[in-house]
Amino acid sequence: MGLLSPTASMTRYKVTGNIENSIKETILKGLKKFCIADIENENFEKSVGWTSFDNPFNPDFDGMKFEIGSFFLFSMRIDKKNLSSKIIQKHFSIEYARQAKKNGRDYLSKNEKKSLKEHVVSVLTLRIPSTPNVYDLLWNYETGSLYFFSTLKLANEEVETLFFKSFNLSLVRLFPYTMAELLLDLSDVEKDVILNLSPTKFTD
Amino acid sequence: MLDIAVAYNRFKFLGFEFLTWLWFSIDGDTDKTRHPLNDFSIGNRIALENRRDNKIEIITIKGDDAGLEEGLLALQKGALVTEINLIYVEDQNKWQFTLKGENLSINNIRHPDIGPYESSEDVDAFVFEKIHHYNKVVEIIDQTFKLFIASRISGNWIAQTVPQIKRWIKH
């Protein structure tokens, strides 16, 4: 459910930190450096990186427009190969029988089993296609406000890490405490009052 | 500023109190002049949670015309609102979304219709319109949260607001 979906869900962030050079060039550099890597026909289970908002499955940051008004608009993509334990078990059993027969035994040692399982997972990972998930980001670089169009814990953790690696800027998630602290323009005295709040009881 | 992970857990209760206060402000508060509270109504979902004796009781009320009596009953037993679906109407335009108390994430945002785009030139205008609607939702949440925090850290919270909420819950 991204920015263009009929219904959307979002987590809000405040971007903190400074960019000393041209912000647009810095962001473009970070997007290119941490662009999603293709893991089809590769022995990797997961890939996380940036992609373009309007062409998420064929990112080309050189020809891409990622600025709209005072917003940067781009997406994070997570490609993951989901190997079910049943598929692994099936191929492991087949390989186990083949290997045991080849060795002239009807069993494999503990180390042989471990090595065989790693081999099976590796071969399957190479063969199966990855499932892509695309999450849009809308970043108002004038106000430092960022909307991330997902509320999934895993996606939020990935974007926080990737954002920092790419741009050397931190994403501070907005929740009740940080909203009061960062958005409401409270005095130091008022912030101290919030720090000392304890839960209210609405029943007698 | 506190460590983020510590603050997240330490102040979860503030989000639950915010949503409980919000329901009271929409449904039970006699002061209907405060913008944007006067343009809100409760949507199609409220979730409440009651933690006592190391047990968690979760009550969820769903449906467009669902009665909220069970929710009030849960409040009487000490529950707080953890999730609320809200409708905001302004100049005949309607925004609907669900707020989660724990982190104030905004879910299932629906906004007034935007005409379809027919050419690539229309896409920018379409995206701008979308941004406008998301900003609107964020703006009204921030304004409402600001009203809550102002009330929550004032002396009136214990002296006036909490007794009013208690009366509304009993009623």
Original post:
Out of the range B:51-81, which residues are of a type in the set (A, V, I, L, M, F, W, C) and away from chain A (no Cβ under 14 Å)?
Top reply: B:Ile56, B:Ile58, B:Ile59, B:Ile61, B:Ala66, B:Leu68
**OP:** Could you pull out the residue among A:Phe71, A:Phe61 that is touching a strand residue (DSSP E or B) at 6+ places or on another chain (Cβ under 9 Å), under 30 Å from B:Phe128 (Cα atoms) and in contact (Cβ under 8 Å) with a residue 40 or more places away in the chain?
**Re:** A:Phe71
Subject >> Top-ranked residue of the range A:175-204 - restricted to ones that are closer than 14 Å to B:Ile158 by Cα, surrounded by fewer than 18 Cβ atoms within 10 Å (Cβ to Cβ) and among the polar types (S, T, N, Q), ranked as modelled with the highest pLDDT >> reply: A:Ser198
Original post:
Residues of the range A:18-61 being in a loop (DSSP other than H, G, I, E, B), out of contact with any helix residue (DSSP H, G or I) (no Cβ under 9 Å at 6 or more places or on another chain) and modelled with pLDDT of 90 or more, which ones?
Top reply: A:Ile36, A:Ala37, A:Pro56, A:Phe57
Subject >> All positions within the range B:111-148 that are of a type in the set (Val, Ile, Thr) and in contact (Cβ under 8 Å) with a residue 24 or more places away in the chain >> reply: B:Val137, B:Val138, B:Ile140, B:Ile141, B:Thr144
**OP:** Could you check B:Gly115 against (1) surrounded by fewer than 14 Cβ atoms within 10 Å (Cβ to Cβ); (2) at pLDDT 90 or above; (3) within 28 Å of A:Arg12 (Cα to Cα); (4) within 14 Å of chain A (Cβ to nearest Cβ) and say which number it fails?
**Re:** (2)
Subject >> Pairs where the first residue, in the range A:179-204, is facing chain B (nearest Cβ under 7 Å) and the second is in a loop (DSSP other than H, G, I, E, B) and modelled with pLDDT under 90, C-beta under 6 Å, 6+ apart >> reply: A:Glu181/B:Met1
Subject >> Qualifying position, being assigned to a strand (DSSP E or B) and out of contact with any Gly (no Cβ under 7 Å at 6 or more places or on another chain), among B:Leu99, B:Leu86, B:Leu75 >> reply: B:Leu99
Subject >> Criterion: within 9 Å of chain A (Cβ to nearest Cβ), in contact with a Lys or Arg (Cβ under 8 Å, 6 or more places away or on another chain) and buried (at least 21 other Cβ atoms within 10 Å of the Cβ) - qualifying residue of B:Ile106, B:Ile84 >> reply: B:Ile106
**OP:** Could you grab me the full set of residues in the range B:153-165 that are more than 7 Å from chain A (Cβ to nearest Cβ) and out of contact with any helix residue (DSSP H, G or I) (no Cβ under 7 Å at 6 or more places or on another chain)?
**Re:** B:Ser154, B:Gly155, B:Asn156, B:Ile158, B:Ala159, B:Gln160, B:Pro163, B:Gln164
Original post:
Inside the range B:5-30, can you point out the residues that are among the aliphatic types (A, V, I, L, M) and within 7 Å of chain A (Cβ to nearest Cβ)?
Top reply: B:Ala7, B:Leu14
Subject >> Residue check for A:Tyr107: more than 12 Å from chain B (Cβ to nearest Cβ), surrounded by 14 or more Cβ atoms within 10 Å (Cβ to Cβ) and more than 29 Å from B:Glu49 (Cα to Cα) >> reply: no
Original post:
Mind checking which residues of the range A:74-110 are more than 31 Å from the chain's Cα centre (by Cα) and touching a residue at least 24 places away in the same chain (Cβ under 8 Å)?
Top reply: A:Glu95
**OP:** Of the conditions (1) within 14 Å of the chain's Cα centre (by Cα); (2) within 14 Å of chain A (Cβ to nearest Cβ); (3) surrounded by fewer than 18 Cβ atoms within 10 Å (Cβ to Cβ), B:Leu48 clears all except one; give me its number.
**Re:** (3)
Original post:
Exactly one of (1) without any contact (Cβ under 8 Å) to a residue 24 or more places away in the chain; (2) in contact with a strand residue (DSSP E or B) (Cβ under 8 Å, 6 or more places away or on another chain) is unmet by B:Leu104. Its number?
Top reply: (1)
Subject >> Odd one out for A:Val15 among (1) part of a loop (DSSP other than H, G, I, E, B); (2) surrounded by 12 or more Cβ atoms within 10 Å (Cβ to Cβ); (3) in contact (Cβ under 8 Å) with a residue 40 or more places away in the chain; (4) in the same structural domain as A:Asp136 (by TED's automatic domain parsing) >> reply: (1)
**OP:** Go over the candidates A:Leu116, A:Leu83 one by one and state the one that is on the phi < 0 side of the Ramachandran plot, surrounded by 14 or more Cβ atoms within 10 Å (Cβ to Cβ) and in contact with a Leu (Cβ under 6 Å, 6 or more places away or on another chain).
**Re:** A:Leu83
**OP:** Identify the residue in the range A:27-50 that is among the polar types (S, T, N, Q) and in contact with a Leu (Cβ under 9 Å, 6 or more places away or on another chain) and, among all such residues, is surrounded by the fewest Cβ atoms within 10 Å (Cβ to Cβ).
**Re:** A:Asn41
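The values are calculated or read from the model by the stated rules, or taken from the named source; none is laboratory data. What you see is a predicted model, and the numbers here were worked out from it, not measured in a lab. Reconstructed Cβ throughout: ideal geometry from the backbone, glycine too, with neighbour counts over all protein chains shown.
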